[in-house]
Amino acid sequence: MIGAPANTQDQLSQLLLSAAFVMISIGLFEPIMGWILVLMACAVVIRAAYALGVQSQTVSMTTVNLLALLAGLVLAYFSVQLGLLVAMVNLLAMACALKLMLMRRRKDFRQLIVSALFLLGCGFIFHQSMAMSGYFSLCLGVILLAMMARHGPQLTLPQLTGGLGRLLLQALPIAVLAFMVMPRLGPFWQMPTAKSTETGLADRMKPGDIAQLSQSSALAFRASFTDNIPPPNQRYWRALVMEQFDGQEWQIAPRRKWEEEQLRLQNKAFVPAPQGPGAAYQVIAEPSYQHYLFSLDVSVVSDPGVRKRVWPGTAYQLRSRDPVASKMQYDLVYYPQTPLNQTNYSLDRQLNLQVPRQGNPRTREWVAKLQQQSTSARMLIDNIQRYFQQQGFEYTLRPALMPNDPVDRFLFDNQAGFCAHYASALAFALRLADIPARVVAGYQGGEVRGDDYVSIYQYDAHAWVEAWLDDQGWVRLDPTAWVAPSRILYGLERAVAEEGTFLADDPLSLARLKDYAWLNQVRLLLADMDFLWSQWVLGFDANRQRDLFKSLLGKLTAFNLSLVGVVSVLLVTILLAVYFIPKRAPRRPLWQKRYHQALALLEPVWPRPRHYGPDDYVRHVNQTAPADIAGPFNQLTQLYMYLAYQRPSAASQRDTDTRMNRAYLRLKRALGQHRPPASAR
Amino acid sequence: MINALQQRLNQHWQARIGRWLDRRIPPARSHQLDHRNIFIFPSRLGGLFLLLCFGLFLLGTNYQNNLMLMLCYFLLALMLVTLFSSYQNFARLQVHLGKTQDCFAGDVAHIAVWLNQPQGDSLPALGIISMRQQPDGEECAVTLTPSSSHGTLSIDAPHRGPLPLKRVTLSCEYPLGLFHCWTHLAFDHDVMVYPRPVPSPVTLHGKPQEGGPNSSTDKAGQDEFHHLREYQRGEPLNHVAWKQVAKGQGMFSKHFVSEQGAPVWLNLMPCTTEQLEQRLGQLCYQIRELTQAQQSFGLDLGKHQITPDCGLDHQRRCLRALAEFQL
């Protein structure tokens, strides 16, 4: 049907389908390769020109086949570097573009529709924000509109939209019900994930890295607490523990990685024994395409089911089994009073006393001097703190570059740096003084919204130090707080307010425009919506489903669960009945009813040709029927015509109703008396 | 061998379905589409759509991606809603057989099928109805309009006799093409296929052949005025009694009688079985010629005789008799 002459029906449907492909391509701008986007653009232009009648010939089969061959080769060449998932998405997009050029038969249209819908579904692998979901819903609407335009050619675009809108509104409650009730299954098999640029903290840390991260106002994760949110100076979100130092940068110790791999293979999770009261909280991590997760010290993964995804490490940090490619939600319990002294001390000590053989000579000298002045580890730390505070160290987002002996340059020449500089210098100094110390990278603080949740942005990235003190275990030391206490209490924005470097590279960020009250309101409202979206839509997993059922039904017995199934099916049935059982036709007024009853009585005896109106028929009856039948029927007809064509007042209508009733009864009686002769006719 | 068996089985099956359909949807001149005669099943697109939903479910579960699952459930819910809405749309239609006309063997009969929209304030049916005569007739697509619309079936009529109108399949995929709604309707009709006219000289005979019942002595003819009768279609206008028309008494035509023995009869006999069709064709031609010339004639088919008369109704009667002769 799509053949040679583009008729108006297919014109609209083809244009809509093309528009849908343009929209999907824009939505999948990132994973789809540039040249495939160009191919798609060409296909859309060709299809649109053809549909609008600008061009009367489509591309020939041979051309498209040749193009397909070439494009396939190019894609195969790139596929290794793209990874399986993205390569597949690209392949599908490419096939759609070629098919769009060639669309001739009904089969082509069917395949295009289904492929477009599948591409749309794949879009959700890459984007899950509320805005993008809205955009993809719009794409879905356009695809469905193209389907409807094809089957309802007599409708204009607004009519189509109205009709489709009704269908969609009818389907929505059923879909939501299914979404809530359908059992959530675990993954059946491992799927390829998208290779994407990692965001957030990196595995290794050079002083200066975190300063760069601080220019981003992107969300890192959110945490919601069932009880009170801990104060800012306790909100140290641990992500990575770096125990290897080479004089320049810190990284995760290979030995530690190996150790954890072994434990994991033996399925022995390190669960610290909690002390003191615990507080339950939930983290929703944004996709970072990395393994680390966020937790407060000390957090325990309470649900063994969650431990399949969230593995607790021996440095009290959490790791995800797979790279976090979409929003990830996990529940933890936070025990602030638990000491960090439950790990294997000999390994910790061995790893955390390591220093490079050479480099930073001035620091080595300085620490040796300090060691002589101090009698205990505590005193040494106090001395270093005093040094930082008395020397007028500065906290800056724009530290100078320190390529050689960075600790020396920082401690004695520049004396200005970001948290990573301080952490790196302190940990190195402590290790030189024979105190095991390591750098912890993570986030600190976060923006509190009501009593519900904390949003932690990339600019909240932070690094601090942990030192092993014999009587307490690992103790958190934050040299940044010694120098810039406002960083810890009020966040980065306050701390660098004078410098004016907060999000300097991101001038359009809403977070930077906090001074405008209404803009800030909008930003916070969007954040709230996004939080609810993450929690209730993206994070609606088996646990949440169970909680929902529990809150509805109390206990989860087999009977109750089957009740849920039955009730949902019933609900769907009721919905369908409401939509589709036809409304009862308005009742006929009495005078119409009586007249038609009279007709039904007379017609078997005095047949009425189709073209006879009431006037014709009553004349016919008058001529052929006996007077006692014709009389009442005559009266009925007169009243019927009076009521039908003259629109009498309500009072006179009541009067005529009674007269009609009487006439009808007389007619019936008369017919009863004539029955034998009537049936003889 | 296997082919033959397969064919037999197929035929048997077709016959069974035919019998079942005859019970379920008996022939009628007009059909209101409803649950008794509508069939509905996912179309090819619907099948692909279900496959897509399954794919989305697998992908969504494997990636633990709620939005993909939501999309999957939404598409399924949409399909469920479409099931009802496509049935409801199709069930609004009322299908009538239009006015039919007889035709000649070898012609193509055109039969109009009217698709009437519901009366009153209920919504009209929408979409495209494709109409096809079973099993391999030509397809005709009708785009429904707010008032009634019609499609024309073209049916080959190779042989004389009643037109073999098989079941007509109507189908519709509105609104989204996910479901195929269809019905197989059988229509009561009285389309007759006349023998193919074979040009031949008109030969009239004086009287019907022996053995036939002898009719009255008065034969309609051209010569002498006999009586007035209500005007019938096709009668020559110069026979109309214009005086009566002018007086407002209605339209009458004058009837004349010809003298007994004037040749007014078309005879079939004598003819052999082999010649029968040829002869019927010749008679068919002659009947049309005579009617066109507005001449009276009678038809003698041996056992069956039609008394002499003229006009279109008479022609129709005669041609029908020819069409049904010895069938």
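Among residues of segment A:606-626 that are free of Cβ contacts under 8 Å to residues at least 40 places away in the same chain, those with a beta-carbon under 6 Å from a residue that is outside any helix (DSSP H, G or I) and open to solvent by 60 Å² or more (accessible area, probe 1.4 Å) at least six positions away or on a different chain give the pairs A:TYR617/A:ARG608. Residues that are buried (at least 21 other Cβ atoms within 10 Å of the Cβ) and without any contact (Cβ under 8 Å) to a residue 12 or more places away in the chain within segment B:265-289 comprise just one, B:ARG279.
Would you confirm whether any residue within segment A:491-501 is part of a strand (DSSP E or B) and surrounded by 15 or more Cβ atoms within 10 Å (Cβ to Cβ)? The answer is no, given that none of the residues of segment A:491-501 is part of a strand (DSSP E or B) and surrounded by 15 or more Cβ atoms within 10 Å (Cβ to Cβ). For first residues located in segment A:383-408 and more than 24 Å from A:GLU498 (Cα to Cα), partners that are hydroxyl-bearing (Ser, Thr, Tyr) and assigned to a helix (DSSP H, G or I) and lie 6+ apart or on another chain with Cβ distances below 7 Å form the pairs A:VAL407/A:THR363; A:VAL407/A:SER424; A:ASP408/A:THR363.
Residue count for segment A:77-105 satisfying the condition of being crowded, with 17+ Cβ neighbours inside 10 Å and either at the interface with another protein chain (Cβ under 10 Å from one of its Cβ atoms) or not in a helix (DSSP H, G or I) (or both): 2.
Return yes when A:LEU519 is away from chain B (no Cβ under 14 Å), in a helix (DSSP H, G or I), touching a residue at least 24 places away in the same chain (Cβ under 8 Å) and open to solvent by less than 50 Å² (accessible area, probe 1.4 Å) and no when it is not. It would help to see each step written out before you state the result.
Values: away from chain B (no Cβ under 14 Å): yes; in a helix (DSSP H, G or I): yes; touching a residue at least 24 places away in the same chain (Cβ under 8 Å): no; open to solvent by less than 50 Å² (accessible area, probe 1.4 Å): yes.
No; evaluated as a whole, the condition is false for this residue.
When you look at A:ALA558, is it under 18 Å from A:ARG669 (Cα atoms), without any contact (Cβ under 8 Å) to a residue 60 or more places away in the chain, away from chain B (no Cβ under 14 Å) and among the hydrophobic types (A, V, I, L, M, F, W, C), yes or no? For A:ALA558, the condition - under 18 Å from A:ARG669 (Cα atoms), without any contact (Cβ under 8 Å) to a residue 60 or more places away in the chain, away from chain B (no Cβ under 14 Å) and among the hydrophobic types (A, V, I, L, M, F, W, C) - is not met. Among the residues of segment A:434-463, the ones that are assigned to a strand (DSSP E or B), farther than 18 Å from A:GLN212 by Cβ and not hydroxyl-bearing (Ser, Thr, Tyr) come to 7 in all. Here segment A:561-592 is the region considered, the condition is being open to solvent by 90 Å² or more (accessible area, probe 1.4 Å) and modelled with pLDDT under 85, and the residue that is farthest from the other protein chains (Cβ to nearest Cβ) is A:ARG587.
Figure legend. Inter-residue proximity from segment A:106-126: first residues within 7 Å of chain B (Cβ to nearest Cβ) and farther than 16 Å from A:ALA149 by Cα, second residues open to solvent by 10 Å² or more (accessible area, probe 1.4 Å) and outside any helix (DSSP H, G or I), beta-carbon distance below 8 Å, spacing 6+ or different chains. Indicated pairs: A:ILE125/A:ALA194; A:ILE125/A:ALA325; A:ILE125/A:SER326; A:ILE125/B:TYR63.
So for segment A:474-481 (the condition being in a helix (DSSP H, G or I) and β-branched (Val, Ile, Thr)), does at least one residue qualify? Among the residues of segment A:474-481, at least one is in a helix (DSSP H, G or I) and β-branched (Val, Ile, Thr), which makes the answer yes. A:LEU426 meets the conditions (1) buried (at least 16 other Cβ atoms within 10 Å of the Cβ); (2) at pLDDT 90 or above; (3) not in a helix (DSSP H, G or I) in every case but one. The failed one is (3).
Is there a residue being under 35 Å from the mean Cα position of the chain (by Cα) and under 30 Å from A:MET182 (Cα atoms) anywhere in segment B:6-13? No, that holds for no residue. Only residues that are more than 14 Å from chain A (Cβ to nearest Cβ) and either buried (at least 22 other Cβ atoms within 10 Å of the Cβ) or out of contact with any strand residue (DSSP E or B) (no Cβ under 6 Å at 6 or more places or on another chain) (or both) were counted in segment B:114-133, giving 1.
Filtering segment B:93-103 to residues that are touching a residue at least 24 places away in the same chain (Cβ under 8 Å) and surrounded by fewer than 20 Cβ atoms within 10 Å (Cβ to Cβ) leaves B:GLN94, B:HIS96, B:GLY98, B:THR100, B:GLN101, B:ASP102, B:CYS103. Look through segment B:134-145, keep the residues that are outside any loop (DSSP other than H, G, I, E, B) and open to solvent by 40 Å² or more (accessible area, probe 1.4 Å), and return whichever of them is modelled with the lowest pLDDT. Across segment B:134-145, the extreme among qualifying residues is B:GLU139.
Let's see how each residue does on (1) at pLDDT below 90; (2) basic (Lys, Arg); (3) farther than 30 Å from A:VAL578 by Cβ:
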residue: B:ASP34; (1), (2), (3): yes, no, no
residue: B:ILE38; (1), (2), (3): no, no, no
residue: B:PHE49; (1), (2), (3): no, no, no
residue: B:CYS53; (1), (2), (3): no, no, no
residue: B:MET70; (1), (2), (3): no, no, no
residue: B:LEU76; (1), (2), (3): no, no, no
residue: B:VAL81; (1), (2), (3): no, no, no
residue: B:THR100; (1), (2), (3): yes, no, yes
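I need the full set of residues from segment B:59-105 which are farther than 25 Å from B:PRO118 by Cα and more than 9 Å from chain A (Cβ to nearest Cβ), in order please. Let's see the steps before the verdict.
The initial filter retains those residues of segment B:59-105 that are farther than 25 Å from B:PRO118 by Cα, namely B:59-79, B:101-105.
Listed by number, the residues that qualify are B:GLN101, B:ASP102, B:CYS103, B:PHE104, B:ALA105.
Just to verify a result, which residue in segment A:10-54, among those that are crowded, with 17+ Cβ neighbours inside 10 Å and touching a His at 6+ places or on another chain (Cβ under 9 Å), is farthest from A:LEU85 (Cα to Cα)? Of everything passing the filter in segment A:10-54, A:SER13 is farthest from A:LEU85 (Cα to Cα). Cβ separations smaller than 9 Å between residues 6+ apart or across chains give the following pairs from segment B:127-144 residues that are closer than 15 Å to B:ALA112 by Cβ to residues that are open to solvent by 30 Å² or more (accessible area, probe 1.4 Å) and small (Gly, Ala, Ser): B:ILE129/B:ALA141; B:MET131/B:ALA141; B:GLN133/B:SER154; B:GLY137/B:SER154; B:GLU138/B:SER154; B:CYS140/B:SER154. Here A:ASN543, A:ASN622 are screened, and the one residue that is more than 14 Å from chain B (Cβ to nearest Cβ) and assigned to a helix (DSSP H, G or I) is A:ASN622.
Output the residues belonging to segment A:447-500 that are basic (Lys, Arg) and either outside the structural domain of A:ARG386 (by TED's automatic domain parsing) or over 26 Å from A:ILE252 (Cβ atoms) (or both).
Those that are basic (Lys, Arg) and either outside the structural domain of A:ARG386 (by TED's automatic domain parsing) or over 26 Å from A:ILE252 (Cβ atoms) (or both): A:ARG449, A:ARG494.
If the condition is being under 52 Å from the mean Cα position of the chain (by Cα) and free of Cβ contacts under 8 Å to residues at least 40 places away in the same chain, then segment A:351-375 contributes only A:ARG357.
Just a yes or no: is a residue in segment B:35-58 in contact (Cβ under 8 Å) with a residue 40 or more places away in the chain, under 22 Å from the mean Cα position of the chain (by Cα) and more than 7 Å from every other protein chain (Cβ to nearest Cβ)? There is at least one residue in segment B:35-58 that is in contact (Cβ under 8 Å) with a residue 40 or more places away in the chain, under 22 Å from the mean Cα position of the chain (by Cα) and more than 7 Å from every other protein chain (Cβ to nearest Cβ).
Within segment A:146-169, being open to solvent by 20 Å² or more (accessible area, probe 1.4 Å), facing chain B (nearest Cβ under 10 Å), in contact with a helix residue (DSSP H, G or I) (Cβ under 9 Å, 6 or more places away or on another chain) and part of a helix (DSSP H, G or I) holds for A:HIS151, A:GLY163, A:ARG166, A:LEU168.
Scanning segment B:290-299 for residues that are touching a residue at least 24 places away in the same chain (Cβ under 8 Å) and surrounded by fewer than 20 Cβ atoms within 10 Å (Cβ to Cβ) yields B:GLN294, B:GLN295.
Applying the set (1) more than 25 Å from the chain's Cα centre (by Cα); (2) surrounded by fewer than 19 Cβ atoms within 10 Å (Cβ to Cβ) to B:LEU71 leaves exactly one unmet item: (2).
The values are calculated or read from the model by the stated rules, or taken from the named source; none is laboratory data. Computed from a predicted model, the values in this text were never measured in an experiment. Here the Cβ is made from the backbone with ideal geometry for all residues, glycine too, and neighbour counts use every protein chain on show. Each accessible area value is taken on the protein alone, full model and side chains, heavy atoms only, with ligands, DNA and RNA left out. Shrake-Rupley method; radii C 1.70, N 1.55, O 1.52, S 1.80 Å.
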